[in-house]
1. Tell me, please, whether a residue that is modelled with pLDDT under 70, surrounded by 11 or more Cβ atoms within 10 Å (Cβ to Cβ) and touching a Ser or Thr at 6+ places or on another chain (Cβ under 9 Å) can be found in the stretch 49-61.
2. Cβ-Cβ distance below 8 Å, separation of 6 or more or different chains: which pairs start in the stretch 12-40 with a residue that is under 20 Å from residue 2 (Cα atoms) and end on one that is not in a helix (DSSP H, G or I)?
3. Looking at 14, 68, can you tell me which residue is modelled with pLDDT of 95 or more and not aliphatic (A, V, I, L, M)?
4. Would it be correct to say that residue 30 is of a type in the set (Val, Ile, Thr), modelled with pLDDT of 95 or more and either under 30 Å from residue 12 (Cβ atoms) or surrounded by 12 or more Cβ atoms within 10 Å (Cβ to Cβ) (or both)?
5. Taking residue 91 as the residue in question, decide whether it is touching a Leu at 6+ places or on another chain (Cβ under 9 Å), outside any helix (DSSP H, G or I) and modelled with pLDDT under 65.
Amino acid sequence: MLRLTSTDRTIYVQALEQLRPLNIPLNLAVLEYTSAVKHLPDGATLKEAVDFFRRRNPATLEKRTVRQFHSSGDPTRRLKITSGGGPLRQPES
């Protein structure tokens, strides 16, 4: 039988409360967290990595097909195709 100190029990309950709205079990959250942290450069935090990703991959970026992009304006515009299958964007001036 597992015995928890009052401090350990408090930590466990708080962790479960934080995960409940996400519907993620504690063991899976720990596995994903440790896997992500192992891939970070020394001194970097997971929050910094997420902030970096969000700045470069805005959720509000409009998704359009190439046809929609070209029919929406100046047909002489050139597309910048990002590596890794990312979205198509108008090149910066």
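The values are calculated or read from the model by the stated rules, or taken from the named source; none is laboratory data. As the structure is a prediction and not an experimental result, all values here were calculated from the model. Positions of Cβ are backbone-derived with ideal geometry, glycine not excepted, and every protein chain shown enters the neighbour counts.
1. For the stretch 49-61, residues modelled with pLDDT under 70, surrounded by 11 or more Cβ atoms within 10 Å (Cβ to Cβ) and touching a Ser or Thr at 6+ places or on another chain (Cβ under 9 Å): absent.
2. Qualifying pairs under 8 Å: 12/4.
3. On the way: 68 fails: modelled with pLDDT of 95 or more.
Just a single option satisfies the conditions, and that option is 14.
4. Spelling it out, residue 30 is indeed of a type in the set (Val, Ile, Thr), modelled with pLDDT of 95 or more and either under 30 Å from residue 12 (Cβ atoms) or surrounded by 12 or more Cβ atoms within 10 Å (Cβ to Cβ) (or both).
5. On the way: touching a Leu at 6+ places or on another chain (Cβ under 9 Å): yes; outside any helix (DSSP H, G or I): yes; modelled with pLDDT under 65: yes.
Yes, satisfied.
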